[in-house]
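Working notes for the structure below.
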Amino acid sequence: MKIKGSLNGWKVAVVLGLITLLLLLKNSLLVDGIAIIVGGLVYLAISYFLKDKQRLVEQKKSLDTINQQLTTLKNNQDQQLKTITDQQDQVTSKLENQHFSYDFPNNENLSVQTYEINDSGKQNLFVVRKVFEADKLRYRLVYSKDAHILQYWQYLTPDTYTQADFEKTPPKYEYHSNYEGTLDLNNLPSIETVNTQLQSKDWYYQQLKNKVRHQLAVIEKMNPQTSSWFLRKDTDGQWFKDHQASSSLLVAEKTSRRYFDLHPDNDLAPNNLPGLAKVEKLYSNLNVQLKHLADLKTTYFKNLKVNLPAEINNLTEHDLTALSNRFAAESAKSMVDQKLRENGKNKFIAEDVVVLLPDGKANEGTQIDNLVISDKGIFPIETEERTINSKSYNASNGYQEISKQIIEHKNAIEYTLKQSQDPVIQKLLQKPIAQYLVHSLVVFVGKSSQDFELKNTKPYLEHGAHALRLSDLQEVVSEGGDSLVAVDLTREEVKALGNELIKNSKNRTAEGRAGNLVFWNGETNENVINHTLDTVKDLTKQLEIMNDCLDHLIELQEEIDNLKVQQDAINEIKQVDTGFTHARRYYENQQKTHDYSFVDSII
Amino acid sequence: MNKVQKAVQDFSELQKQKEELIKQTQPEIDKVSKKVANEKKYYDQLLKAQERGIYLPIIISMVIMIIILLFLKNII
């Protein structure tokens with residue numbers, strides 16, 4: 001029985017059920033009862049007629065019977081097929097994994113062969129034969145069951161082989177290689193040319209290697225000390241003192257000027273360190289070579305043993321400016337000193353005199369640029385080198401800083417004298433004139449030869465100091481300035497003051513300062529410095545030669561590698577040609593004799 | 001005849017046997033398979049009809065009940 005799909009049985013039943021329920025509610029009980037009874041009877045009657053279970057059960061039974069019959073048939077077939085397949089496996093296992101000796105005479109040391117029967121399932125039965133040289137596969141031959149050669153593979157390496165497929169007409173020849181180069185196979189040079197080139201490059205390579213060895217020996221013999229040519233701290237880790245830094249700078253600059261034969265005309269100008277600039281350049285050149293060598297070592301020559309630093313320290317811009325200023329100051333002091341010594345009779349004259357500070361450590365004090373002691377008194381001089389380009393100069397420039405120095409120096413001198421055990425000085429200090437002993441001077445030195453007038457010098461007088469030009473210095477020190485209180489010291493007193501302030505100065509030191517540099521470990525011997533510079537020059541040259549050799553070695557190695565690739569390619573191509581010739585010859589032979597005795601022509 | 005030739009021949013022989021066996025048994029299997037397919041189809045139809053047949057008695061009995069409720073009310 002079929003109900004139309006679109007009616008959708010259960011939906012119709014639900015709608016009718018609802019209508020019936022509504023009508024049942026509206027009607028009398030009697031009518032409802034009759035309707036329910038009649039409806040129930042109708043339902044039972046129709047259900048009885050429609051139900052056809054028996055037919056369904058019978059159909060199921062019949063289906064099961066036929067199904068069982070089919071399964072039995074299939075099982076029978078499978079069992080029989082399996083028996084045959086097992087027999088086939090037995091046949092193939094007799095060949096597989098079994099090695100047969102390769103008895104045909106050959107000059108390739110071919111000694112073993114194996115056979116496999118292969119069934120692709122579509123009646124394409126074929127035999128695979130593999131021939132080995134020791135344990136390396138050399139030939140793979142595929143035959144049909146009628147002993148027709150189908151495929152011929154000749155291996156050069158496990159990944160490189162020639163393959164001929166005779167199933168196709170005409171036969172298809174292919175070459176498989178793992179070579180990944182950018183070689184133009186059509187324009188390969190002859191093997192003889194490549195061999196000759198390789199030979200000569202190899203020879204050159206050996207020569208270069210010998211040269212590198214020689215250079216290494218030369219460098220080792222030089223035993224270069226190239227860690228750093230200047231130091232920032234002494235062996236105790238302390239900053240260098242001013243006088244150490246100044247004297248080392250003067251020695252370094254003057255020695256290097258002589259070494260490079262330089263004659264600058266102005267020691268106060270900004271470019272007043274041509275000698276050190278040259279030395280710096282010398283070390284920079286060495287640095288370039290050291291860095292190049294270190295790079296080569298890390299990248300290409302890891303086993304190269306050279307006892308050299310990777311890089312040496314360079315002077316910074318800040319260092320150079322500070323050194324230039326220091327040198328200018330030192331030169332200015334020398335000029336002052338020289339000027340003073342023009343009339344230095346009966347005077348004590350000195351540079352960089354250290355006097356004790358009232359609140360400082362024992363034997364440590366402040367440094368006075370120039371000091372003169374004469375019968376006119378004590379003259380501590382603050383030397384100021386300035387760039388002066390006009391006819392007048394304002395002396396109050398930098399007044400704050402200078403006045404601080406003046407006061408400090410004056411106090412320090414007075415304190416040092418008070419500490420003196422000399423009876424002459426002790427007696428002098430008790431005289432009223434003692435308070436007028438110290439006459440501070442500030443000398444302005446122009447960095448250029450420009451003549452100038454000093455202006456605004458009055459503020460210095462507040463501290464009992466005089467600001468003056470270098471040309472006026474002699475007059476002030478010898479005659480005493482107009483505004484100075486006249487002091488007339490005895491020769492004995494001058495001598496006592498000289499001894500206390502200047503001679504004893506050697507036993508005192510100024511404080512160390514950051515930025516003070518000492519060159520070549522404070523070496524003062526010119527010959528030693530010259531020898532060091534010679535060594536640096538020579539080492540740079542020798543390193544340059546060695547680096548050139550190493551660079552060349554790298555280039556040469558690349559060329560040799562490239563030639564070897566060409567050589568391999570040429571040899572490979574030769575073998576490919578041989579492989580195809582073999583394949584063709586074998587095919588022709590097999591065409592004649594379809595025989596599993598395999599009368600060989602694969603060699 | 002060498003070992004390889006013998007193996008190939010034996011293998012081919014067995015392959016032929018396989019083909020022969022399939023040739024003999026396959027028609028019967030195919031025939032029964034076809035019969036199974038037909039029986040199955042009929043069985044499925046019966047099952048479907050059985051399932052759908054549930055609604056028809058309900059619907060008819062309800063229609064009759066509605067008719068009784070609508071028209072016999074006035075007579076009784």
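The values are calculated or read from the model by the stated rules, or taken from the named source; none is laboratory data. On a predicted model such as this, the values are computed, not experimentally measured, just so you know. Note that we place each Cβ from the backbone using ideal geometry, even for glycine, and neighbour counts take in every protein chain shown. Please note that ligands, DNA and RNA were not included when accessible areas were found on the heavy atoms of the full protein model with its side chains. Shrake-Rupley method; radii C 1.70, N 1.55, O 1.52, S 1.80 Å.
I'd like the residue in the range B:23-36 that is at the interface with chain A (Cβ under 7 Å from one of its Cβ atoms) and polar (S, T, N, Q) and, out of all such residues, is nearest to A:Val128 (Cα to Cα). Talk me through it step by step, then tell me what you get.
First pass over the range B:23-36, keeping only residues at the interface with chain A (Cβ under 7 Å from one of its Cβ atoms): B:25, B:28-29, B:32-33, B:35-36.
The next check asks that each one be polar (S, T, N, Q); those that pass are B:25, B:33.
On the way: B:Thr25: 33, B:Ser33: 40 Å.
Restricting to residues being at the interface with chain A (Cβ under 7 Å from one of its Cβ atoms) and polar (S, T, N, Q), the top hit is B:Thr25.
Is it the case that some residue within the range A:447-455 is of a type outside the set (D, E, K, R) and assigned to a strand (DSSP E or B)? So far as the range A:447-455 goes, yes, one or more of its residues are of a type outside the set (D, E, K, R) and assigned to a strand (DSSP E or B).
Just to verify a result, which residue in the range B:8-22, among those that are within 7 Å of another protein chain (Cβ to nearest Cβ) and touching a helix residue (DSSP H, G or I) at 6+ places or on another chain (Cβ under 9 Å), is most open to solvent (accessible area, probe 1.4 Å)? So the residue we want is B:Gln17. Which of the residues belonging to the range A:9-21 are within 9 Å of chain B (Cβ to nearest Cβ) and either open to solvent by 40 Å² or more (accessible area, probe 1.4 Å) or among the hydrophobic types (A, V, I, L, M, F, W, C) (or both)? Those that are within 9 Å of chain B (Cβ to nearest Cβ) and either open to solvent by 40 Å² or more (accessible area, probe 1.4 Å) or among the hydrophobic types (A, V, I, L, M, F, W, C) (or both): A:Trp10, A:Val12, A:Ala13, A:Leu16, A:Ile19. Taking every residue in the range A:495-506 that is closer than 12 Å to A:Asp375 by Cα and pairing it with any residue that is charged (D, E, K, R), at least 6 positions away or on another chain, the pairs with Cβ-Cβ distances below 9 Å are A:Ala496/A:Asp422; A:Leu497/A:Asp422; A:Gly498/A:Lys347. When you look at B:Lys31, is it farther than 30 Å from A:Ile34 by Cβ, at pLDDT 85 or above and of a type outside the set (Gly, Ala, Ser), yes or no? Yes.
The set of residues in the range A:278-311 being surrounded by 18 or more Cβ atoms within 10 Å (Cβ to Cβ) and either farther than 22 Å from A:Cys549 by Cα or more than 19 Å from the chain's Cα centre (by Cα) (or both) consists of A:Val279, A:Glu280, A:Leu282, A:Tyr283, A:Leu286.
When you look at A:Gly377, is it at positive phi and free of Cβ contacts under 8 Å to residues at least 24 places away in the same chain, yes or no? Lay out the reasoning, then the answer.
Numbers: at positive phi: yes; free of Cβ contacts under 8 Å to residues at least 24 places away in the same chain: no.
The answer is no for A:Gly377.
If you go through the range A:540-562 and pick out every residue that is under 15 Å from A:Gln215 (Cα atoms) and either at pLDDT below 90 or not in a helix (DSSP H, G or I) (or both), you end up with 0. If you go through the range A:235-250 and pick out every residue that is in contact (Cβ under 8 Å) with a residue 40 or more places away in the chain and part of a loop (DSSP other than H, G, I, E, B), you end up with 2. A:Thr383 meets all of the listed conditions (1) modelled with pLDDT of 85 or more; (2) touching a Lys or Arg at 6+ places or on another chain (Cβ under 8 Å); (3) farther than 19 Å from A:Leu461 by Cα but one, namely (3).
Every residue, every condition in (1) in a loop (DSSP other than H, G, I, E, B); (2) more than 9 Å from chain B (Cβ to nearest Cβ); (3) more than 24 Å from A:Tyr587 (Cβ to Cβ); (4) modelled with pLDDT of 90 or more, yes or no:
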{"site": "A:Thr71", "(1), (2), (3), (4)": "no, yes, yes, yes"}
{"site": "A:Lys74", "(1), (2), (3), (4)": "no, no, yes, yes"}
{"site": "A:Glu108", "(1), (2), (3), (4)": "yes, yes, no, no"}
{"site": "A:Thr162", "(1), (2), (3), (4)": "no, yes, no, no"}
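If you go through the range A:29-43 and keep only what is at pLDDT below 85, surrounded by 11 or more Cβ atoms within 10 Å (Cβ to Cβ) and more than 7 Å from chain B (Cβ to nearest Cβ), you end up with just A:Asp32.
One residue stands out among those in the range A:349-359 that are in contact with an Asp or Glu (Cβ under 9 Å, 6 or more places away or on another chain) and open to solvent by 40 Å² or more (accessible area, probe 1.4 Å): the one that is modelled with the lowest pLDDT, which is A:Pro358.
Scanning the range A:314-334 for residues that are open to solvent by 50 Å² or more (accessible area, probe 1.4 Å) and either in a loop (DSSP other than H, G, I, E, B) or touching a His at 6+ places or on another chain (Cβ under 7 Å) (or both) yields A:Asn314, A:Thr316.
Applying the set (1) within 23 Å of A:Thr416 (Cβ to Cβ); (2) open to solvent by 20 Å² or more (accessible area, probe 1.4 Å) to A:Thr366 leaves exactly one unmet item: (2).
Within the range A:227-256, the set of residues being under 37 Å from the mean Cα position of the chain (by Cα) and open to solvent by 20 Å² or more (accessible area, probe 1.4 Å) comprises A:Ser227, A:Ser228, A:Leu231, A:Arg232, A:Lys233, A:Asp234, A:Thr235, A:Asp236, A:Gly237, A:Gln238, A:Trp239.
Quick check on the range A:419-440. Is at least one of its residues assigned to a strand (DSSP E or B) and buried (at least 20 other Cβ atoms within 10 Å of the Cβ)? Yes; the residues of the range A:419-440 include at least one that is assigned to a strand (DSSP E or B) and buried (at least 20 other Cβ atoms within 10 Å of the Cβ).
The set of residues in the range A:517-539 being out of contact with any Leu (no Cβ under 8 Å at 6 or more places or on another chain), open to solvent by 50 Å² or more (accessible area, probe 1.4 Å) and assigned to a helix (DSSP H, G or I) consists of A:Glu526, A:Asn527, A:Val528, A:His531, A:Asp534, A:Asp538.
Going residue by residue through the range A:70-93, is there one that turns out to be open to solvent by less than 90 Å² (accessible area, probe 1.4 Å) and under 60 Å from the mean Cα position of the chain (by Cα)? Looking through the range A:70-93, none of the residues is open to solvent by less than 90 Å² (accessible area, probe 1.4 Å) and under 60 Å from the mean Cα position of the chain (by Cα).
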